[in-house]
1. Cut-off under 12 Å on the C-alpha distance; same-chain residues fewer than 8 positions from K130 excluded. Which aspartates and glutamates are left, in chain and number order?
2. Of the labelled options [x] 17.3; [y] 23.4; [z] 15.3, which one gives Kirkwood radius over Cα pairs in Å as computed for this structure?
3. Work out the FRET efficiency for N45 and A70 from their Cβ-Cβ distance, taking R0 = 41 Å, and round it to the nearest 0.05.
4. Stretch L146-T108 to full length: gain in nm at 0.36 nm per residue minus the Cα-Cα span?
5. Given R₀ = 22 Å, FRET efficiency for S78-L35 by Cβ-Cβ distance, to 0.05?
6. Given a cut-off of 23 Å, name the pairs among K16/K55; K81/K143; K42/K123; K20/K136; K55/K109; K18/K58 whose C-alpha atoms lie farther apart than that in the structure shown.
7. Percent of alpha carbon pairs in segment 2-62 separated by more than 12 Å?
8. As a check on your grasp of the helix formula, calculate [θ] at 222 nm for the chain: sum -39500 (n - 2.57) over DSSP H runs of n ≥ 4, divide by the residue count, round to the nearest 500.
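Derivation of every value follows stated rules applied to the coordinates shown; laboratory data play no part. Not measured: the values here are computed from a predicted model. Cβ coordinates were reconstructed from backbone atoms using ideal geometry, including for glycine residues, and neighbour counts include every protein chain displayed.
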Amino acid sequence: MTLIETLKQDLITAMKEKDKDKLNTLRSVKGALQLEIINNKKEENDELLLDVINKQIKMRNDSIEEFRKAGREDLINSYQKEIDILNNYMPEMLNEEELNEIINNTITKTGATSVKEMGLVMKEITPQIKNRCDMKKVSQKVKDLLS
């Protein structure tokens, strides 16, 4: 069963169980996926769904930071529930050791020696770790190692 089929099945289950939090979260993901397909003329597939879910998680994390500044605990808890629901569809995250190994191997493979070659390294790393790690964190690590 593909990830898209799983999402659709979970959406139906959430409707039957009247789980409003899960239902609203999955509907927002499905809507964002449809929007992405229409706007960018892309084909529906699991890779695209993972990208959409990742964007949805980032948006909710940004919102949580803003709510923290405003002291809105009720909204923070609500958005955190949505993030937990979305994380069920994401692949397992890389741990620090695995990430460092991939970065070091890629730097060695590309022969990069300066920050100017960071784009080359990132281009090589991205397909290996996409949706399995925070890319800002990866970018910073690569930058530190090349400096």
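1. Leaving aside aspartates and glutamates fewer than 8 places away in the same chain, those within reach of K130 are E47, D51, E92.
2. Label of the calculated value: [x].
3. E(calc), rounded to 0.05, equals 0.60.
4. Stretched out fully, the L146 to T108 stretch lengthens by 12.6 nm.
5. 0.45
6. Those over the limit are K16/K55; K81/K143; K20/K136; K55/K109; K18/K58.
7. 68 percent
8. Taking each H run of at least 4 residues, the total per residue is -26000 deg cm²/dmol.
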